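Below is one structure; the comments refer to it alone.
The values are calculated or read from the model by the stated rules, or taken from the named source; none is laboratory data. Keep in mind it's a predicted model, so treat the numbers as computed, not measured. When we count neighbours, we look across all protein chains shown, and the Cβ atoms used for this are built from the backbone with ideal geometry, even at glycine.
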Amino acid sequence: MASQRRFPKSDHCDGFRFFNPGTHVDRSLRDILKWKRTSPVTPWPKTVAIDPPPVPTTPLDGTVSATWINHATVLIQSRHANILTDPLFSDRTSPVQWAGPKRVHPPAVALKDLPQIHVILLSHDHYDHCDSESLRYFAKLPHPPIVVTPLGNGSLLKRFGFPEERIIELDWWEAHEFSHGFHVRASPARHWSNRLSGRRNRRLWSGFYLQVGGRTVYYTGDTAWDDYMFEELRERCGEPDLAIIPIGAYEPRWFMAAQHCNPAEAVRIHQTVGASKSIGVHWGAFQLTDEGRDAPLHALEAARDQALIAPDCFNVLDPGESLAV
């Protein structure tokens with residue numbers, strides 16, 4: 001039997017297995033069966049038509065443009081690089097393409113229509129974020145992007161075809177500098193990891209905090225609310241110009257609260273990190289949990305109104321729509 005990879009011991013790793021500091025919740029098969037047996041599912045439409053605008057040109061004036069493609073896939077463009085978060089272009093979020101959650105609208109930008117991608121930010125190994133077919137596409141390009149990912153995910157990327165020199169693994173709070181004024185830091189998130197090829201929580205999960213020229217962008221990755229992580233991020237990294245925060249896949253709360261924030265908690269994250277602008281992602285393309293497709297939008301609006309936050313400070317984008325900061 002091959003030896004297990006050893007990682008630095010920390011407040012989120014025992015040397016072999018990763019966990020959330022403080023309280024870590026792992027859901028069992030019994031929990032999953034209880035969820036499926038007792039929780040009503042709100043039906044989604046089978047298809048949703050979209051009419052995305054053309055991909056914007058790369059800004060050269062020091063600003064950053066963020067274009068929502070689908071789910072947690074966002075194209076971040078700046079004069080330094082084109083960056084893609086958790087690329088998901090397959091029809092299903094599943095180990096196989098004949099079963100599992102199926103998309104209700106296409107990606108707003110097809111793979112072949114993307115500008116050259118220089119960096120991919122891969123937050124964790126779940127199938128709706130770590131899509132093997134999409135990643136294999138990028139690995140086969142003549143000039144594959146560099147993939148920045150948390151500890152333990154490099155072996156997956158090698159399996160998908162990325163050469164070792166194009167993979168950068170980071171522990172929480174570690175950073176990689178690409179050039180002067182352009183660096184990426186892995187940030188803590190409250191989540192977990194697992195897929196068929198590996199044991200539970202043997203790969204780390206994270207968000208990412210980017211310094212891109214004179215702008216800062218914070219992508220949370222998948223995360224639950226945490227009483228300390230987001231305050232610490234603000235103290236260590238500063239208030240981001242743009243935050244990319246999940247608002248979907250949150251019902252039922254007894255099951256999901258330990259791994260996914262709901263829209264009200266997403267608003268708390270926006271406030272706690274001090275983001276100038278935030279966009280809500282991780283909704284609308286795949287039905288992963290029980291809430292209706294539009295429920296995150298209504299819940300976000302209610303939470304935003306209660307917090308007295310202007311709509312243009314935290315909103316969602318239509319597929320293919322962009323926001324510049």
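Are there any pairs, at least 6 apart or on different chains, whose C-beta atoms fall under 6 Å, with the first in the stretch 179-207 and on the phi > 0 side of the Ramachandran plot and the second surrounded by 16 or more Cβ atoms within 10 Å (Cβ to Cβ) and of a type in the set (Phe, Trp, Tyr), and if so, which?
Close Cβ pairs satisfying both conditions: Asn201/Phe18; Asn201/Trp192.
Would you please list the contacts, defined by Cβ atoms under 6 Å and residues six or more apart or on different chains, that run from a residue in the stretch 99-123 that is among the acidic types (Asp, Glu) and buried (at least 17 other Cβ atoms within 10 Å of the Cβ) to a residue that is modelled with pLDDT of 95 or more and part of a loop (DSSP other than H, G, I, E, B)?
none
If you go through the stretch 147-168 one residue at a time, how many are within 26 Å of Phe230 (Cα to Cα) and assigned to a strand (DSSP E or B)?
5
If I ask for residues that are in a loop (DSSP other than H, G, I, E, B) and either among the basic types (Lys, Arg) or under 23 Å from the mean Cα position of the chain (by Cα) (or both), which ones from the stretch 31-44 would you list?
Trp44
Table: residues versus (1) within 19 Å of the chain's Cα centre (by Cα); (2) under 21 Å from Arg199 (Cβ atoms); (3) not β-branched (Val, Ile, Thr).
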residue	(1), (2), (3)
Pro145	yes, no, yes
Val148	yes, no, no
Leu151	yes, yes, yes
Ser155	no, yes, yes
Glu164	no, no, yes
Glu169	yes, yes, yes
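Which of the residues that make up the stretch 120-141 are within 14 Å of Asn70 (Cα to Cα) and in a helix (DSSP H, G or I)?
Of everything in the stretch 120-141, just one residue is within 14 Å of Asn70 (Cα to Cα) and in a helix (DSSP H, G or I), namely Ser134.
Determine, yes or no, whether Leu156 is in contact (Cβ under 8 Å) with a residue 40 or more places away in the chain, crowded, with 23+ Cβ neighbours inside 10 Å and closer than 26 Å to Ala249 by Cα.
Against the criterion (in contact (Cβ under 8 Å) with a residue 40 or more places away in the chain, crowded, with 23+ Cβ neighbours inside 10 Å and closer than 26 Å to Ala249 by Cα), Leu156 does not qualify.
Does the stretch 246-281 hold any residues that are out of contact with any Leu (no Cβ under 8 Å at 6 or more places or on another chain), within 24 Å of Thr38 (Cα to Cα), crowded, with 19+ Cβ neighbours inside 10 Å and not charged (D, E, K, R), and which are they?
Within the stretch 246-281, Tyr250, Phe255, Met256, Gln259, His260, Cys261, Asn262 meet the criteria.
So if I check each of Gly161, Gly100, Gly154, which one is of a type outside the set (Ser, Thr, Tyr) and more than 29 Å from Asn20 (Cβ to Cβ)?
The match here is Gly161.
Quick check: anything in the stretch 190-200 crowded, with 21+ Cβ neighbours inside 10 Å and touching a His at 6+ places or on another chain (Cβ under 6 Å)?
Yes: the stretch 190-200 contains one or more residues that are crowded, with 21+ Cβ neighbours inside 10 Å and touching a His at 6+ places or on another chain (Cβ under 6 Å).
Specify which of the listed residues (Ser39, Ser28, Ser65) is modelled with pLDDT under 95 and surrounded by 13 or more Cβ atoms within 10 Å (Cβ to Cβ).
Of the residues listed, the single one that is modelled with pLDDT under 95 and surrounded by 13 or more Cβ atoms within 10 Å (Cβ to Cβ) is Ser39.
Which ones in the stretch 281-299 are in a loop (DSSP other than H, G, I, E, B) and not acidic (Asp, Glu)?
Result: His282, Trp283, Gly284, Ala285, Phe286, Gln287, Leu288, Thr289, Gly292, Arg293.
Considering only the stretch 310-325, how many residues are in contact with a His (Cβ under 7 Å, 6 or more places away or on another chain) and not in a strand (DSSP E or B)?
Counting residues in the stretch 310-325 that are in contact with a His (Cβ under 7 Å, 6 or more places away or on another chain) and not in a strand (DSSP E or B) gives 1.
When you check Thr47 against the structure, is it part of a loop (DSSP other than H, G, I, E, B), in contact (Cβ under 8 Å) with a residue 40 or more places away in the chain, at negative phi and of a type in the set (Ser, Thr, Tyr), yes or no?
Answer is yes for this residue.
Counting only residues that are more than 19 Å from Phe182 (Cβ to Cβ), give me the strands (runs of 3 or more DSSP E) lying completely in the stretch 63-119 with at least 2 of them.
Counting at least 2 such residues, we get 65-70.
Suppose the filter is over 16 Å from the mean Cα position of the chain (by Cα), acidic (Asp, Glu) and closer than 26 Å to Thr23 by Cα; does Glu301 pass it?
Answer is no for this residue.
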